[in-house]
Structures are given as C-alpha cells and as structure tokens.
Amino acid sequence: MDKKVLIADQINEKGIDELKDIAEVVPNFTISNEELLKVIKDFDAIIVRSRTKVTREVIEASDKLKIIARAGVGVDNVDVQAATERGIMVINAPESTSITVAEHTMGLILALSRKIAIADSSVKSGKWEKGRFMGIELNGKTLGVIGMGRIGSQVVTRSKAFGMDTIVYDPYITKKTASELGVTVVDLETLIKESDVMTIHVPLTPETKYLISKPQFEMMKENAFIVNCARGGIINEDDLYDALSTDEIRGAGLDVFENEPPKNSKLLELDNVVLTPHIAASTSEAQRDAAIIVANEIKKVFKG
Ligand code: NAD
C-alpha cells in the first residue's frame, strides 16, 4: 500500500477499519505538535478531531499531504487558508452530529420545562420537595427555531412529536423548503415575541454575534425558555443573566458559552439555568458516523 494515513486523535474504530484495505493506517493519538512537524512529510492524509491543531507550520512541513480530515463538524483547528494555498483538501462530517445535537436540545428543553436538573440535586441532597418543582407541558406550546439547517430541521421533527407548534426564523431558507418541512417562517421579532421556547441553531458569524441581547430578552414572553446548543457568543450572557435574575424570562439551557469553561460566569449561580459542557454532539453514534464519513471521503480521493 503506497498511501499512508496518520490518525492524530482518537476516532471511532469503525473509521479506522474502513481505511485499512486502502492505506497504511498509523494511529498516534497522543502525537505532540513537534513530533507532528517531523513526521507529517510521510503522510498522504491526516485525521484529527479537536486536540490536534493543523497549523500553517504543520501544513508547510508536509510534502505529499492531500487531505486533512476533521472527524466532526467545524474545522476551527485547521488552517484552511494555508491548506488551500497548498492545494490540500480539508474535509469534515457536518451531518454526522445533527440528530445527536437535536436530541440534546430536546433534553435541555425537557430539563427546563420539568426542572429535572434541580429536582435531581434536591432528591440527592435528601429532600422530597414535591411542591417546589411544578413544571409546564410542551404540548400546544410554540417553539421558535432560529436557523433551520441540519440541526434546526431535526429539532422541528422532534418538537412535533411533543405536540408543539413550530415557527422558524432563517433568512436563507426558501418558501419551498419551509413548506416541505411544514414550518411557518417568520421574522426574528415575531419569533421572539411568540415563542414559549426559543432554540438557536445558527453559526456564529458577525451577523449572529449577540443576536440575542437585552432588547430581544425584553421582547420575549415572561414565561419563555431559551436554549443554545449552537455557539457561545450568539447570546449575550450578561444580558441573559439580567433577564433570568429579574424573571424577565423563565429559564435557559446552554451547552455552549462565550468562554469555555465558563468559570467566572454569574450564570452558574442561578437555579433557572441548565448547563452542559459543550457535549451536545457527544454520542457514540455521532462519533462513529463522523469517523466513517471522513474515512469514506479519504477512500474516494485515494481511488481518484
Ligand atoms: P447548518 O449550516 O446546517 O444550519 C445553519 C442554518 O442557520 C442555515 O439554515 C442558515 O441559513 C441559518 N442561518 C445562518 N445565518 C443566519 C442568521 N443570521 N439568522 C438566521 N439563520 C441563519 O448548520 P448545523 O449543522 O445545523 O449547525 C448549526 C450550529 O450548531 C452551528 O453553529 C454549529 O457550529 C453548531 N453545533 C454545535 C454543536 C455542539 O456540540 N454544541 C455540535 C454541532 C454543531
């Protein structure tokens, strides 16, 4: 076999198996940056997850590298510009985690509506406070989805099973797509004013930075929840804290933060938030699919 693939971060075994019949696979899940700089010239492809940074220096030290594969969604840890200049393909597996993230989103919505996290810590502390945890039903409530892409669409499908009415804000989807998905598209202000639960599924861009800040919290229903499993920085966290601590809104579920981990965040003091450590994409199924998808892409490139 004349092709060599370096697997620089731990990926699912199924992805590694896919490659074995077409290339010499070299797993080295603890490779340091210095070591990588020395060995990269021997490889035709490299697979990473989040640990390994494929910097300009690494790319310039390569010789026959054709593909940089990220077994996951973003390519934040790859210098795409440097790769493009050298004609190296950068691939990822954006569809691999959509269902997983949508399920986590539903998990946060349920945790908020039924106060599951706080009830859990109460029971574990020896209490039996049945009167303290009155929840709300999702049935008949309005879910506002900001960003109707891969994940947003999966959230919509799941919300229908809970009997929720769904409205969507996404300036980039067509009327045809919206009607195929059976959703009503509205402007952002309408979505904010009408949603009982708002969930964010847009990328972080200059346009979406602090998309939800003080003016938006002021427009939200008093009893509304907000959930963010997209990227930190789309919600202004100081304004969110003010809205939550003055009961302007009912609660928030966050998987992502402007600074991760959110060590000194005032949000950590509040009872009406449910926080998870950027794990919305962390299921074995999503990681397996990501590994298989990038392995198959590499195979296609090697086969020409
Ligand atoms: P996607 O590209 O399929 O969908 C994004 C949607 O947002 C698109 O339909 C686009 O038209 C829309 N959009 C873009 N700018 C907008 C704006 N200003 N206003 C409204 N809509 C806008 O992406 P996806 O795969 O669904 O992922 C969505 C987000 O989830 C991304 O930010 C991604 O980084 C994040 N994500 C987080 C995790 C996690 O671990 N928490 C995992 C995977 C993805």
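The values are calculated or read from the model by the stated rules, or taken from the named source; none is laboratory data. Nothing here was measured: the structure is a model prediction, and the numbers come from that model. Virtual Cβ from ideal backbone geometry, glycine too; neighbours counted across all protein chains shown. Please note that ligands, DNA and RNA were not included when accessible areas were found on the heavy atoms of the full protein model with its side chains. Shrake-Rupley method; radii C 1.70, N 1.55, O 1.52, S 1.80 Å.
Summary of values
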read-out: Reach of residue 141 by Cα under 27 Å, taken over lysines that are not fewer than 8 positions away in the same chain; value: 115, 130, 160, 175, 176, 193, 214, 221
read-out: Long-range tail of P(r) for the stretch 138-185 (Cα pairs > 18 Å, %); value: 18 percent
read-out: The chain: angle of helix 150-161 to the longest principal axis, Cα-based, in degrees nearest 10; value: 40 degrees
read-out: Sites residue 80 and residue 242 - FRET efficiency at Förster radius 41 Å, r taken between beta-carbons, to 0.05; value: 0.65
read-out: Calculated diffusion of the stretch 237-304, Stokes-Einstein form, Kirkwood radius summed over Cα pairs, 10 °C and 1.306 mPa s, µm²/s; value: 107 µm²/s
read-out: Evaluated at q = 0.11, 0.12, 0.13, 0.14 Å⁻¹: base-10 log I(q)/I(0), Debye formula over Cα of the chain; value: -0.75, -0.86, -0.95, -1.04
read-out: Accessible carbon and sulfur surface of the chain relative to its total accessible area, %, 1.4 Å; value: 51 percent
read-out: Viscosity 1.002 mPa s, temperature 20 °C, Stokes-Einstein D of the stretch 148-211 from Kirkwood C-alpha radius, µm²/s; value: 173 µm²/s
read-out: Sequence ranges 260-267, 20-27, 37-44, ranked by mean other-Cβ count within 10 angstrom, highest first; value: 37-44, 20-27, 260-267
read-out: Dipole axis of the chain (+1 Lys, Arg; -1 Asp, Glu on Cβ), positive-most option in 264, 223, 253; value: 253
read-out: Global form of the stretch 146-304, assessed from the alpha-carbon gyration tensor, a/c cut-off 1.5; value: oblate
read-out: Accessible area of the chain divided out per residue, in Å², using a probe of 1.4 angstrom; value: 50 Å²
read-out: Test item: Cα-centred dipole of the stretch 257-304, Lys/Arg +1 and Asp/Glu -1 on Cβ, debye; value: 420 debye
read-out: Pairs of alpha carbons in the stretch 20-71 whose separation is greater than 12 Å (percent); value: 64 percent
